[in-house]
Amino acid sequence: MSNPLSLVVLISGNGSNLQSIIDSIEQGRVNAEIKAVISSNAQAYGLLRASKHGIASYVVNHRDFGSREAFDDELQRILKPLDADFILLAGFMRILGSAAIQAFADKILNIHPSLLPAYKGLNTYQRALDSGEVEHGVSIHLVTAELDDGPVIMQARYPIAPGDNNEDLQQKGHKLEHRMYPQLLCWLCEGKIEISAGQIFYEKTVLSKPVEFA
């Protein structure tokens, strides 16, 4: 068996995606190790999840820093010695600066609640409802300097039913998210997905469109 992937997970809240990754590792479905959890919020429930499973955790609250650069510098100070294979953004509600992204090029992944490039940014469920969409979804992408603009690796979609509200879409999306991150990690472990020089390779071929997750 190849060496386990080393991961750092960045959160800001409940940490349900973090839990799905922890579960997939502990159940032997993903050959990986979470080296640390970093939260932008000292009250995040995800920190308790990390503690319960014996995972080191750090809090980097942007309010403690005078500038975005200082915030990014502190993140980099923590991240560099951890030397993780991948840094997973899982409900991390801060935008990383370009210096931090460049420092960990090809290593930062984000899960976003829309079918990118549609609905970048926040409030994606309500915006989809307000626009009269008939489907919505989830994307996992490589993080680049442009917000929610890096190459999309995997997407899953779900229907918007008549009468659905913001919470209904969130529930549908979370069910997919909790399966998607572990699946992508499996593929990264197996070498089915590879990332190099800002490009995504699927089974050794440049990925021309996101893999559809069902």
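The values are calculated or read from the model by the stated rules, or taken from the named source; none is laboratory data. Here the structure is a predicted model, which means the values were calculated and not measured. A quick note on method: Cβ atoms are made from the backbone with ideal geometry, for glycine too, and the neighbour counts reach across all protein chains shown.
For the range 96-127, give me each residue that is farther than 22 Å from LEU188 by Cα, of a type in the set (A, V, I, L, M) and either modelled with pLDDT of 95 or more or surrounded by fewer than 17 Cβ atoms within 10 Å (Cβ to Cβ) (or both). Residues satisfying the conditions are ALA99, ALA118, LEU122. Flag: ASP130 does not match the condition of being acidic (Asp, Glu), farther than 15 Å from TYR181 by Cα, surrounded by 15 or more Cβ atoms within 10 Å (Cβ to Cβ) and out of contact with any helix residue (DSSP H, G or I) (no Cβ under 9 Å at 6 or more places or on another chain). In the range 156-178 there is no residue that is β-branched (Val, Ile, Thr) and either within 30 Å of ALA99 (Cβ to Cβ) or within 15 Å of the chain's Cα centre (by Cα) (or both).
Taking the criterion of being out of contact with any helix residue (DSSP H, G or I) (no Cβ under 6 Å at 6 or more places or on another chain), surrounded by 18 or more Cβ atoms within 10 Å (Cβ to Cβ) and assigned to a helix (DSSP H, G or I), the residues of the range 1-55 that qualify are ILE22, ILE25, LEU47, ALA50. Annotation note: of ASP168, ASP148, the sole residue that is buried (at least 18 other Cβ atoms within 10 Å of the Cβ) and of a type in the set (Asp, Glu) is ASP148.
Summed over the range 103-143, residues that are farther than 19 Å from ARG157 by Cβ and aromatic (Phe, Trp, Tyr) total 1. Checked against the criteria, ASN165 counts as touching a helix residue (DSSP H, G or I) at 6+ places or on another chain (Cβ under 9 Å), on the phi < 0 side of the Ramachandran plot and free of Cβ contacts under 8 Å to residues at least 40 places away in the same chain. Taking (1) surrounded by fewer than 18 Cβ atoms within 10 Å (Cβ to Cβ); (2) without any contact (Cβ under 8 Å) to a residue 60 or more places away in the chain in turn, ILE193 satisfies each apart from (1).
Residues that are of a type outside the set (A, V, I, L, M, F, W, C) and within 13 Å of the chain's Cα centre (by Cα) were ranked within the range 133-143; the one that is surrounded by the fewest Cβ atoms within 10 Å (Cβ to Cβ) is HIS141.
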